[in-house]
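*Asks:* Mind having a look at this structure? Questions to follow.
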Amino acid sequence: MTDDRFQLHNSLGYQITMLARVIERRFEQGIADYGLTRPMWCVLLAAGQEGLHSPSEIADFIGIDRTATSRTLRKMEERGFITRGSGDGDGRSIHVTLRERGQQALEAVLPMAQENAAHFEAKLTEQELAQLRAAAAKLLRDEPRIVPKL
C-alpha cells in the first residue's frame, strides 16, 4: 500500500521556501549592522546600480507592492540613505536618489551579498548550479507574477 498523504517536507514549495529563508536570514544578519533590511538593500541596488529612480520602477525591480515600497523608501529617507524629490518638476512624480550614506552602504554591503551568494553556490557543481537556474526559470515560466506583501 502506498502512502498518498501530502508530505510537507518533501514538497517542492516547502523546500524552496525554506532554502530562500535560510539564504535571506544569513544575509540579513550581516546587513543589520548597517541599519538595512533586505528590501532596503534591494532599493540601494535598484537606485545605485540599476539606475531606477521612480518608486514604481523600484517596486517592479524588487518584486514588492507599491505600499511596501513607499514604506521602505520612507524609512530609508528617515535614516539618511536616500532622498525623495519631485521627478518631473510638477510635483506629481517622485525621484529617488542615493545620499552619501546610501552609496557607502551599497559599497560596504555589496561584498557581503556576493559572499552570501558564493557560500550557497559553492555547495553545487557548476553543472548543478546551471541546472538549478534552468529548472527555476522553467518552473516560473508562464506563471503569473505574485508580488509578496512585506
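Values quoted throughout were computed directly from the atomic coordinates according to the rules given, and no laboratory measurement underlies them. Predicted, not measured: the structure shown is a model, and the values here were computed from it. Cβ sites come from the backbone with ideal geometry, for glycine too, and all protein chains shown count toward neighbours.
*Asks:* Stick to the Cα atoms of the chain, pair each with every other, and give me the Kirkwood hydrodynamic radius in Å at one decimal. Intermediate values should be presented prior to the final figure.
*Replies:* Working: mean 1/r = 0.0569 Å⁻¹.
Kirkwood hydrodynamic radius for the chain: 17.6 Å.
*Asks:* With +1 assigned to the C-beta of every Lys and Arg and -1 to the C-beta of every Asp and Glu, and no other charges, what is the dipole magnitude of the chain about the Cα centre in debye, to the nearest 20? Don't skip to the end; give the middle numbers.
*Replies:* Values: 20 positive and 21 negative charges, 86 e Å.
My answer is approximately 420 debye.
*Asks:* Could I ask something else about it? Hey, got the Cα dimensions of region 29-102 along the principal axes, in Å, largest first?
*Replies:* Extents along the principal axes, in whole Å: 40, 25, 21.
*Asks:* Which loop GluC sites (Glu not before Pro) in region 1-85, with loop taken from DSSP, have no more than 14 other Cβ atoms within 10 angstrom of their Cβ?
*Replies:* Working: sites: E24, E28, E50, E57, E77, E78; in loops: E50.
In loop regions of region 1-85 (DSSP not H, G, I, E or B), the sparsely surrounded GluC sites (Glu not before Pro) are E50.
*Asks:* Taking the 0 to 90 degree range and rounding to the nearest ten, how far is the long axis of helix 12-31 tilted relative to the main principal axis of the chain, both from C-alpha atoms?
*Replies:* 40 degrees
*Asks:* Oh, and also: Kirkwood Rh, region 20-65, all Cα pairs: how many Å?
*Replies:* Hydrodynamic radius (Kirkwood, Cα pairs) of region 20-65 is 11.1 Å.
*Asks:* Let me ask something additional. Can you tell me which of G30, G85, G63 moves the most in a GNM of the chain? Springs connect C-alpha atoms under 10 Å apart.
*Replies:* G85
*Asks:* Taking +1 at the Cβ of each Lys and Arg and -1 at the Cβ of each Asp and Glu, which of I31, T67, H119 sits farthest along the dipole of region 12-140 towards its positive end, judged by Cα position relative to the Cα centre?
*Replies:* Ranked along the dipole, the leading option is T67.
*Asks:* Hand me the trypsin sites (Lys or Arg not before Pro) from region 1-50 located in a DSSP loop with no more than 11 other Cβ atoms within 10 Å, in residue order please.
*Replies:* R5
*Asks:* Still on this structure, please answer the following. Considering only A46, A118, A136, give the residue with the highest GNM mean-square fluctuation for the chain, with springs between Cα atoms whenever their separation is below 10 Å.
*Replies:* Ranking A46, A118, A136 by mean-square fluctuation puts A136 first.
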